[in-house]
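**Student:** Take a look at this one; I'll ask things after.
The values are calculated or read from the model by the stated rules, or taken from the named source; none is laboratory data. As the structure is a prediction and not an experimental result, all values here were calculated from the model. Reconstructed Cβ throughout: ideal geometry from the backbone, glycine too, with neighbour counts over all protein chains shown. SASA here: full protein model, heavy atoms, side chains in, ligands and nucleic acids out. Shrake-Rupley method; radii C 1.70, N 1.55, O 1.52, S 1.80 Å.
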Amino acid sequence: MKEVAYVNGEFHDLREAKISIEDRGFQFADGVYEVIVAPHRQPFHLQQHLERLKKSTEAIDLPVDYDALDLPAVIREGLQRCDFEDSMIYLQITRGVVPRDHLYPDATTPTVVATFKAKPVYDPKLRKRGVHIETARDIRWEHCHIKSIALLANVMMKNAARQRGRFDAIILGADHTVRETTCANVFLLNHGVLRTPPADQHILHGVTRLYILECARDLQIPCEETYFKTADLLAADEVFISSTTIDIMPVAAIDDHPIGSGAMGELTLRLLERFYRGMCPVKS
């Protein structure tokens with residue numbers, strides 16, 4: 001098995017793939033991306049991911065001929081070429097290669113990149129006992145619903161958390177309103193009700209987030225999409241975070257404050273089991 005890259009219509013061994021130094025993705029982070037997992041070589045919620053990718057390119061005024069590009073076919077071939085049982089697909093579209101200038105031309109040829117790697121695997125013991133995270137002030141831009149490749153602020157916050165032995169950082173607004181982590185959505189469970197911040201410009205509109213809400217409704221767990229604050233998190237019975245690559249990860253402590261029992265809670269476990277039944281029907 002090998003890691004594979006697709007660049008502008010051609011497949012390569014990942015180590016041999018290249019783009020121009022004048023690509024606006026490199027020069028200005030002028031591009032967007034998506035991450036998709038393919039358990040048992042089947043892309044999960046592919047259409048939702050591609051719809052979000054299209055919304056992101058439209059939001060940055062980047063014209064893309066998706067019909068000609070035929071990303072579903074690209075993904076099918078990439079999965080065949082890499083041949084991992086469980087894959088992670090990274091898609092990136094930038095405004096393309098033009099001389100460096102803050103103003104971009106009216107028409108450019110987008111750079112389209114996809115990589116195919118093994119899906120990250122987390123220690124089951126970590127998921128069972130939960131992770132420790134911290135809170136951090138929001139230093140990002142105002143359009144977090146766009147899946148921009150400009151992730152330096154997120155990178156800085158996550159590395160600062162890891163240097164202090166935490167798994168991630170929950171990003172807070174100026175009034176301590178909970179938004180998301182550096183790379184995941186946030187959920188709390190209290191008195192049997194599931195709450196998560198609403199899908200507005202302050203958070204990424206997670207495909208996994210939406211699927212978890214569907215799972216919760218299927219389990220008849222009441223759901224609320226509403227903002228809450230740090231104090232609500234600390235008082236919650238259960239807290240977990242979610243993303244395409246981590247699925248559902250329980251939170252055992254925030255800023256060294258234990259959450260609930262300090263391990264995976266009962267409702268989180270039910271959601272996780274329902275999540276995997278829908279994602280990987282062949283698994284029990």
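**Student:** Mind listing whichever residues of the range 1-12 are open to solvent by 30 Å² or more (accessible area, probe 1.4 Å) and either in a helix (DSSP H, G or I) or at pLDDT 95 or above (or both)?
**Tutor:** Within the range 1-12, the subset open to solvent by 30 Å² or more (accessible area, probe 1.4 Å) is 1-3, 8-12.
Of everything in the range 1-12, those that are open to solvent by 30 Å² or more (accessible area, probe 1.4 Å) and either in a helix (DSSP H, G or I) or at pLDDT 95 or above (or both) turn out to be Glu3, Asn8, Gly9, Glu10, Phe11, His12.
**Student:** Between a residue in the range 21-39 that is of a type in the set (A, V, I, L, M, F, W, C) and any residue that is outside any loop (DSSP other than H, G, I, E, B) and open to solvent by 20 Å² or more (accessible area, probe 1.4 Å), which pairs come within a Cβ distance under 7 Å, given they are 6 or more apart or on different chains?
**Tutor:** These pairs meet every condition: Val35/Met88; Val35/Tyr90; Ile36/Leu46; Val37/Met88.
**Student:** Considering (1) surrounded by 17 or more Cβ atoms within 10 Å (Cβ to Cβ); (2) out of contact with any Ser or Thr (no Cβ under 8 Å at 6 or more places or on another chain); (3) not acidic (Asp, Glu), say which one Thr244 fails and leave the rest.
**Tutor:** Thr244 satisfies all of (1) surrounded by 17 or more Cβ atoms within 10 Å (Cβ to Cβ); (2) out of contact with any Ser or Thr (no Cβ under 8 Å at 6 or more places or on another chain); (3) not acidic (Asp, Glu) except (2).
**Student:** Say whether the condition of being surrounded by 21 or more Cβ atoms within 10 Å (Cβ to Cβ) and closer than 18 Å to Glu134 by Cβ is met by at least one residue in the range 213-234.
**Tutor:** Within the range 213-234 (the criterion being surrounded by 21 or more Cβ atoms within 10 Å (Cβ to Cβ) and closer than 18 Å to Glu134 by Cβ), the answer is yes, since at least one residue qualifies.
**Student:** Report yes if Leu194 is within 19 Å of Cys144 (Cβ to Cβ), at pLDDT 95 or above and touching a Cys at 6+ places or on another chain (Cβ under 6 Å), otherwise no. Give the derivation first.
**Tutor:** Working: within 19 Å of Cys144 (Cβ to Cβ): no; at pLDDT 95 or above: yes; touching a Cys at 6+ places or on another chain (Cβ under 6 Å): yes.
In short, no.
**Student:** If a residue has to be in a strand (DSSP E or B) and open to solvent by 40 Å² or more (accessible area, probe 1.4 Å) to count, how many in the range 128-153 make the cut? Let's see the steps before the verdict.
**Tutor:** The first filter runs over the range 128-153 and keeps only residues in a strand (DSSP E or B), leaving 131-137, 148.
From the residues that got through so far, the ones that are open to solvent by 40 Å² or more (accessible area, probe 1.4 Å) too are 132, 137.
The total comes to 2.
**Student:** In this structure, is Ala160 part of a loop (DSSP other than H, G, I, E, B) and surrounded by fewer than 17 Cβ atoms within 10 Å (Cβ to Cβ)? Working first, answer last.
**Tutor:** Numbers: part of a loop (DSSP other than H, G, I, E, B): no; surrounded by fewer than 17 Cβ atoms within 10 Å (Cβ to Cβ): yes.
No, not satisfied.
**Student:** Which members of the range 174-194 meet the condition of being open to solvent by less than 20 Å² (accessible area, probe 1.4 Å) and farther than 22 Å from Asp256 by Cβ?
**Tutor:** Asn185, Leu194
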